Structure formats: structure tokens, C-alpha cells
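Contents: one structure, followed by commentary.
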Amino acid sequence: MNKQLTDQHVQDYIQENLNADVHKIAMAKSPFPGITGKELANQIAARKKSVRKLPTWFNTKLIYYPPLLSVEQCSSELTAAYKAELAAGNTLIDLTGGYGVDSYYFSRKVKTVTHCEINDELSAIASYNGILLKEENVTFFCGDGIEFLKQTTQEFDSVYIDPARRSSSGKVFMLKDCTPNVVENLGLLLVKAKRILIKTAPLLDLSAGLKELKHVAEIHIVSVKNECKELIWVIERAFEASTKIVCTTLNAEQKQFSFAMGDEEPANITGTIIPGQYLYEPDVALLKSGAFNLIAQRYGLQKFHQQTQLYTAAVIHPEFPGRIFKIDEVVSAAKIKKEKNLIGNVIVRNYPDKAAALADKYQIKPDDTSFMIFTQSSTAGKVIIRGTIIQHY
């Protein structure tokens with residue numbers, strides 16, 4: 001950590017060059033002795049990345065930024081604030097503290113937080129920023145969080161851990177392949193805390209995670225603007241009942257869809273798509289949950305096709321986590337081939353072609369409110385639905 005970067009003149013330079021070419025700055029000679037161009041470029045890039053993701057950090061003077069990758073990989077303030085609400089009790093230990101975003105929000109919920117970070121520089125940066133952010137109830141420990149937990153006699157109300165994948169190859173991964181190894185250390189965690197919060201990438205399969213873990217009370221699937229950001233596994237020491245799945249969309253309005261594992265039952269299937277009715281497209285958090293039939297049951301919807309995760313109803317349910325379209329027209333591919341000046345954002349669900357290819361094939365121009373949805377129904381086969389968006393994510 002080069003504290004010369006916190007000098008006011010350097011900070012002014014960083015602010016003035018937020019929109020500059022960081023690659024040129026990295027390669028050029030630094031205007032400040034003791035500071036390299038590469039260091040300046042990183043501070044500029046990381047600060048710019050924080051404008052929306054970490055506004056509290058961005059708006060706090062003299063904040064020191066870690067390598068850009070750490071800012072890209074850390075929680076956003078939006079998701080960190082959500083996780084903080086899941087903490088229980090008065091004491092929490094963050095075993096993989098990193099840049100400290102999650103610890104900052106946990107410190108707003110519980111009385112004392114212990115931030116552990118094995119990387120010396122990252123620990124120093126988090127500790128330095130903690131003073132600027134007035135994190136008076138956070139203790140910073142530089143070292144292995146699991147080893148700290150093994151050595152301390154203290155017990156905590158909550159433990160938070162964000163294990164990192166050891167290998168980036170392949171799309172399937174397991175918790176035992178991450179560092180720290182949560183599966184191997186689960187016994188220790190359960191002894192040291194009443195509640196364990198584990199953050200994982202949304203890529204982790206829910207069934208696979210449940211096989212590896214024990215006492216999983218809840219799994220929170222968190223999305224922002226239809227992008228699944230993370231899974232949060234809530235483990236409670238004495239929990240033995242059915243796991244609760246909570247799908248949360250953190251948009252302009254927070255919405256949730258929750259159910260207990262095993263609640264899924266067959267849904268009503270309809271092949272009839274009626275103009276004037278409404279088409280429902282679930283948010284990615286709902287789709288990740290796998291509750292395709294339960295979505296229909298809960299909101300009184302009907303599915304177009306067993307393999308098409310689109311739904312229809314004669315009424316609007318504004319509490320629905322996802323987009324809603326008014327069905328204007330149902331047409332065939334043969335009909336739109338004859339049309340010119342087609343407009344509409346293309347959506348593809350259970351259709352053999354990709355959206356970009358279809359837009360190019362039929363020369364469809366994008367539009368703010370009009371959509372062309374290529375899908376299948378159980379009776380009519382391949383169909384194209386023209387719709388007007390009523391509700392965004």
C-alpha cells in the first residue's frame with residue numbers, strides 16, 4: 001500500500017483524470033515521485049468502477065483502492081446491504097473480508113465485526129479505509145480467517161464466508177473445490193457460530209450445494225436487473241426442516257418470491273395465447289430456483305409450454321418479480337417474412353434460433369417499448385408474439 005497516493009495533490013489528479021485513458025497513464029511517466037503510472041492508472045480505474053457499485057467509497061475523500069480485480073469481484077453496496085439483514089445477534093466474523101464492503105454493512109447491523117483477510121495489502125487497505133468510513137466497531141485481523149477461528153476461544157453469533165473457486169475451468173464446481181474449504185470446515189463453523197452465511201457465485205447448482213452442506217435453513221438467490229449476482233446460504237446450527245428458497249430482485253423496488261423445497265407441483269399448461277392478455281417473463285432469480293410450476297400456481301398463471309418458462313394471464317400482478325407484456329398480436333414466421341420495417345426488442349424462449357440471429361434475419365430494429373417474443377406453445381408450436389412492455393424488471 002503506497003500511502004503517497006492519498007496525498008491531496010495526487011487525489012486531485014485522480015479525480016481530474018477519471019475519464020482519461022488509463023492505459024496511457026499506466027505507460028507514461030508519473031508526475032509524482034514515489035508513485036508509478038501503473039499505480040495511478042489503477043486508482044483511477046478502480047475509483048471509476050466504484051461510481052455506481054460503491055458510491056459510499058466513491059464519495060468519501062482519500063479512499064484508497066485495491067487492484068481493480070478486487071473491486072470487480074467484491075460485493076456491491078446493494079447486495080452487501082441485503083446480506084447484512086441476514087446476520088443474527090451482536091457479533092459477526094467475516095472470514096474472507098477482502099476490500100471490506102460486506103464487513104462495512106455488517107457493522108451497521110451488529111455490534112462488533114471481525115474482518116479477516118489473508119492478503120497483507122488488502123487487509124491494510126481495508127483497515128485504512130475503515131477509519132475514513134468510521135467503522136469504529138470493526139476489528140481488522142491480517143491472516144487466515146479459518147486459522148483465526150481455530151485459535152480463538154471466542155464464539156460468534158454469525159460467521160460470513162465468501163469462498164473463492166480454486167479453478168476457473170469448466171462451468172460446474174463444488175464448494176469443496178473452493179478456498180476456504182467450507183465443507184471440510186463446516187464442523188468448526190457450526191461450533192463457533194449459531195448462524196453461518198456463505199456467499200457463492202450463482203453458478204453453483206442448488207442441489208449440489210445442498211448435498212455438500214448440512215442444516216441449510218435458507219438459500220437466497222439475489223439478482224439485480226435480471227442478472228443473478230450471488231447465492232447466500234444460511235446455515236443454522238440446529239436446523240433440520242425443509243430449506244426455504246428466497247428469490248430476491250434488487251431493482252427500483254425490492255421483490256421476493258419464496259417457498260419451501262418440495263412445494264413444486266404440476267402447473268396448468270395452455271397452448272392458447274390470446275391478444276389483449278398479458279405475458280409474464282420471470283426474473284432470472286426465479287428461474288434459478290427451478291420453481292417453474294410454482295410460479296404459475298402462486299400468481300394464477302398458465303404456461304405456454306412445459307419447456308417454455310413464459311406464462312400468461314388476463315390480469316396484471318405488479319408484485320410479480322419479472323417483466324410483464326401486453327400481448328398485441330400472435331403471428332407466424334411466414335407472416336413476418338413478408339413485412340418490412342419490423343421493430344421490437346427480440347426475446348427468444350424455447351426457440352431454435354438466437355435473438356441476434358433472428359434480429360438480423362428479419363431486419364428487426366430495436367425499440368424501447370415494443371418486443372417480439374419468439375417461443376413455442378403446446379398447441380400452436382412455434383409462434384411470434386408482438387407485445388408492449390407494461391412492467392420492467
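Within the range 220-246, if we keep just the residues that are in contact with a Leu (Cβ under 7 Å, 6 or more places away or on another chain) and aliphatic (A, V, I, L, M), the residue that is farthest from Gln256 (Cα to Cα) turns out to be Ile235.
Report whether or not Ala291 is modelled with pLDDT under 95 and of a type in the set (Gly, Ala, Ser). Yes, satisfied. Pairs meeting the criteria (first residue in the range 247-264 and small (Gly, Ala, Ser), second residue modelled with pLDDT of 95 or more and not in a strand (DSSP E or B), beta carbons under 8 Å, at least 6 apart or on different chains) are Ala260/Thr243. Among residues of the range 323-343 that are within 11 Å of Phe371 (Cβ to Cβ), those with a Cβ under 7 angstrom from a residue that is of a type in the set (Gly, Ala, Ser) and surrounded by fewer than 16 Cβ atoms within 10 Å (Cβ to Cβ), sequence gap 6+ or separate chain, pair up as Ile327/Gly276. Kindly establish whether Ser258 is among the small types (Gly, Ala, Ser), surrounded by 14 or more Cβ atoms within 10 Å (Cβ to Cβ) and closer than 18 Å to Ala291 by Cα. So Ser258 fits the description; yes.
Remark: Lys29 matches the filter, which requires a residue to be over 22 Å from Thr248 (Cβ atoms), touching a Gly at 6+ places or on another chain (Cβ under 7 Å) and assigned to a loop (DSSP other than H, G, I, E, B). Of all residues in the range 286-322, those being among the aliphatic types (A, V, I, L, M), in contact with a helix residue (DSSP H, G or I) (Cβ under 8 Å, 6 or more places away or on another chain) and surrounded by fewer than 20 Cβ atoms within 10 Å (Cβ to Cβ) number 1. Among the residues making up the range 53-70, those that are modelled with pLDDT under 95 and part of a helix (DSSP H, G or I) are Leu68, Leu69, Ser70. Of the helices (runs of 4 or more DSSP H) entirely within the range 284-393, those holding at least 3 residues that are over 27 Å from the mean Cα position of the chain (by Cα) occupy 333-337, 355-361.
Every residue, every condition in (1) β-branched (Val, Ile, Thr); (2) closer than 22 Å to Gln391 by Cα; (3) without any contact (Cβ under 8 Å) to a residue 12 or more places away in the chain, yes or no:
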site	(1), (2), (3)
Gly209	no, no, no
Glu212	no, no, no
Ser223	no, yes, no
Ile245	yes, no, no
Ile274	yes, yes, no
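When each of Glu85, Glu117, Glu136 is tested for being buried (at least 23 other Cβ atoms within 10 Å of the Cβ) and of a type in the set (Asp, Glu), the lone residue that passes is Glu117.
In the range 227-268, of all residues being in a loop (DSSP other than H, G, I, E, B) and touching a Gly at 6+ places or on another chain (Cβ under 8 Å), the one that is nearest to Asp102 (Cα to Cα) corresponds to Ser242. Please find, among Ala81, Ala124, the residue that is under 21 Å from Leu5 (Cβ atoms) and not hydroxyl-bearing (Ser, Thr, Tyr). One residue alone meets the criteria, Ala124. Of all the listed residues (Ile373, Ile347), the sole one being of a type outside the set (D, E, K, R), touching a Gly at 6+ places or on another chain (Cβ under 8 Å) and closer than 24 Å to Gln302 by Cα is Ile373.
The values are calculated or read from the model by the stated rules, or taken from the named source; none is laboratory data. Predicted model only: the values in this text are computed from it and were never measured. Glycine also receives a Cβ, built like all others from the backbone with ideal geometry; neighbour counts cover every protein chain displayed.
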